[in-house]
Amino acid sequence: MDTTPEQMSSRTAAGWTVALAGLGAVAGFVWDGPFLAVACALSLGGGAALGTLLSRRQMIATIREGQGKAAALGYADGIADMVVLEISAYRTSVFPLSGPDAVDAAERRARRKAAYRLTAADGLAHHIREAAAAALEAIDNARDRDAQSAIEDLMKAVQEQRHGT
């Protein structure tokens, strides 16, 4: 299905025109019979068609604005989720630093670099960037408890952004 604003506007106009023409036909038929049914259907349908044609430009602008806002919110939510994921992956590579579950220094550096790059990405909300910086600082300073707490705070900030609170 084509979801361009022009197509959405055309489908909306057609829907209103058909609905009002049908309503006019039923009302006219109930009121005075077939002649008035046709007259009411034509007048209400024609009025709906004329009204939607006159408001088409505003309708298209409203649809485009809504699509732009939805895209921006989707990007912001996606980038925030990726920040949580990358910082969690970096934390996992840092703790523990030694033993069978540890990763090598090259992987730790690669995960650190990815986490820092994503935290600096455009479109990331300021409060999420601050929470991510606190988490990265705690991980860099090898404070596991503080890192866990900071990641939880980051996850709360992402959830607050998603729910608009």
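The values are calculated or read from the model by the stated rules, or taken from the named source; none is laboratory data. Just so it is clear, the structure is predicted and the values come from calculations on it, not from any experiment. Counting neighbours? That spans all protein chains shown, and the Cβs are built from the backbone with ideal geometry, glycine included. Just so you know, the surface numbers come from the protein's heavy atoms only, side chains and all, with ligands and any DNA or RNA stripped out. Shrake-Rupley method; radii C 1.70, N 1.55, O 1.52, S 1.80 Å.
The table for this structure:
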read-out	value
Magnitude of the charge dipole, the chain, Cβ model with Lys/Arg +1 and Asp/Glu -1, debye to 20	320 debye
Over the chain, relative contact order from alpha-carbon pairs under 8 Å, at least 6 apart, %	17 percent
Nearest-ten-degree value, helix 105-119 long axis tilted from longest Cα axis of the chain	40 degrees
Which label in [x] 171; [y] 134; [z] 115 gives the computed volume of the Cα convex hull per residue in Å³	[x]
The stretch 103-132 versus the stretch 42-56: alpha-carbon centroid distance in Å	54 Å
Segment Ser10-Thr92, length gained on full extension (0.36 nm per residue, minus Cα span)	24.3 nm
Full-extension gain in nm, Asp140 to Asp153, via 0.36 nm per residue minus C-alpha separation	3.0 nm
R0 of 35 Å, Cβ-Cβ distance Arg56-Tyr116: FRET efficiency to nearest 0.05	0.15
Per residue accessible area in Å² of the chain, where ligands, DNA and RNA are left out and the probe is 1.4 Å	63 Å²
Max mean-square fluctuation residue, GNM over the chain, Cα-Cα springs under 10 Å, options Asp104, Asp122, Asp32	Asp32
Protein accessible area in the chain, 1.4 Å probe - carbon and sulfur %	63 percent
Spin-label model distance (nm) - Glu160 vs Ser43, 7 Å beyond Cα toward Cβ	5.8 nm
Spin-label pair Ala71/Trp31, simplified geometry with 7 Å Cα→Cβ offset, distance in nm	4.6 nm
On Cα atoms only, tilt of 56-94 relative to the major axis of the chain in degrees	20 degrees
Options Ser55, Leu118, Ala27, ranked by Cα towards positive dipole end of the chain, top entry (Cβ charges)	Ser55
Only Lys, Arg (+1) and Asp, Glu (-1) charged, at Cβ; the stretch 20-117 dipole about Cα centre in debye	520 debye
